[in-house]
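Below is one structure, written out as structure tokens; comments come after it.
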Amino acid sequence: MKEIDKMISGHLYKVSDGELVKHLSDAKDLCDEFNFTSRNDYDKRKAILIKLLHNFGDNILIESPFYCDYGFNITIGDNFYANHGLTILDGSKVKIENNVFIGPNVGIYTATHPISAKVRKMGYEYAKSISIGNDVWIGGGSIINPGVNIGNNVVIGSGSVVTKDIPSNVVAVGNPCKVIRNITNEDDSYWENLIQK
């Protein structure tokens, strides 16, 4: 099995593999190009994202700076907004559904390392996929750890470190991130009333 296949499937892989190093270098160059392109040059920024990401939907806006490792493992749905400083370490798949808002300086990390220092020194790491459902808001400074799945209609409070799966329809905060309450129809009513005032 090639190192790139091991990486994507969650097995230990050699970071120094020539093919992976080339993909990593190409992605970093595209991130640099994206970050130094005016946010008002929509066509150029979209062209760069087409080269960089696996797939993305309509109406996405990613503020600079944006960083990722490979790009080809990232899928983003419709109506996506990421504030400044989003970093996605996409050794494995990162799937982000529709209507997701991400605050500034958020990290989404599929990459992880063996606990054994001996194996780490041999140049091995591994990655676990991450999924983020529809209608999710991730507050600024949050970290999404390897292997985490976040459900639909979720708010992650700023500064949270998400180490375990988060179910749908909840507000979750903290380090480690924990559910603090459900999101209900009363939340919709409260905020809709504010719009009408």
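Read-outs: derived from the displayed coordinates by stated rules, not from any lab. Because the structure is predicted, anything quoted here is derived from the model rather than measured. Cβ coordinates were reconstructed from backbone atoms using ideal geometry, including for glycine residues, and neighbour counts include every protein chain displayed.
For a paramagnetic label modelled on Lys164 (point 7 Å from Cα along Cα→Cβ), amide N atoms under 14 Å away belong, within segment 134-149, to 148-149.
When the Gaussian network model of the chain links Cα atoms closer than 10 Å, the mean-square fluctuations of Val119, Val162, Val179 top out at Val119.
In the chain, the longest principal axis of the Cα atoms and the axis of helix 18-35 are about 40 degrees apart. Scanning residues 5 or more positions from Ser129 or on other chains, those with amide H under 5 Å from its amide H are Lys93, Gly147, with H placed 1.01 Å from N in the peptide plane.
Proximity of backbone amide H atoms, modeled 1.01 Å from N, is registered between Ile88 and Tyr67, Cys68, Asp69, Ile108 at under 5 Å, excluding neighbours fewer than 5 places apart on the same chain. As a quick test, which of the pairs Lys121/Lys178; Lys51/Lys178; Lys14/Lys178; Lys46/Lys121; Lys44/Lys178; Lys6/Lys164 have an alpha carbon distance above 32 angstrom in this structure? From Lys121/Lys178; Lys51/Lys178; Lys14/Lys178; Lys46/Lys121; Lys44/Lys178; Lys6/Lys164, over 32 Å: Lys121/Lys178; Lys51/Lys178; Lys14/Lys178; Lys46/Lys121; Lys44/Lys178. Distance from the Cα centroid of segment 2-26 to that of segment 115-159 is 19 Å (rounded to whole angstrom). Principal-axis analysis of the Cα atoms of the chain puts helix 42-52 at an angle of about 50° to the longest axis.
Which of these, Lys118, Lys51, Lys128, has the largest mean-square fluctuation under a Gaussian network model of the chain (Cα springs below 10 Å)? Checking each option, the largest mean-square fluctuation is seen for Lys118. With respect to the chain, whose longest principal axis is taken over its alpha-carbon atoms, helix 185-196 is tilted by about 70°. Summarising the amide proton neighbourhood of Asn169: residues at separation of 5 or more, or on other chains, whose placed amide H is nearer than 5 Å comprise Asn152, Asn153, Val154. If you run the Gaussian network model on the chain, springs between alpha carbon atoms under 10 Å, then out of Asp17, Asp187, Asp58 the most flexible one is Asp187.
The relative contact order of segment 3-196 comes to 14 percent, based on Cα pairs under 8 Å that sit 6 or more residues apart.
Lys and Arg at +1, Asp and Glu at -1: add these up for the other residues within a Cβ distance under 12 Å of Pro114 and post the number.
Within the 12 Å Cβ shell, the charges total +2.
Partners of Lys22 within straight-line reach, counting aspartates and glutamates whose Cα lies under 14 Å from its Cα and excluding those fewer than 8 residues away in the same chain: Glu3, Asp69.
When DSSP assigns beta bridges and you keep just the ones with both residues in segment 3-196, what percent turn out antiparallel, to the nearest 5? Bridges in segment 3-196 are about 20 percent antiparallel. Once the chain from Arg39 to Asn105 is taken as fully extended at 0.36 nm per residue, the excess over their C-alpha distance is 22.0 nm. Here the label points at Ile50 and Ser9, each 7 Å from Cα along the C-beta direction, are separated by 3.3 nm in the simple model.
What FRET efficiency, computed as 1/(1 + (r/R0)^6) with R0 = 30 Å and r the Cβ-Cβ distance, is obtained for Ser64 and Trp137, rounded to the nearest 0.05? Once the sixth-power term is evaluated, E becomes 0.90.
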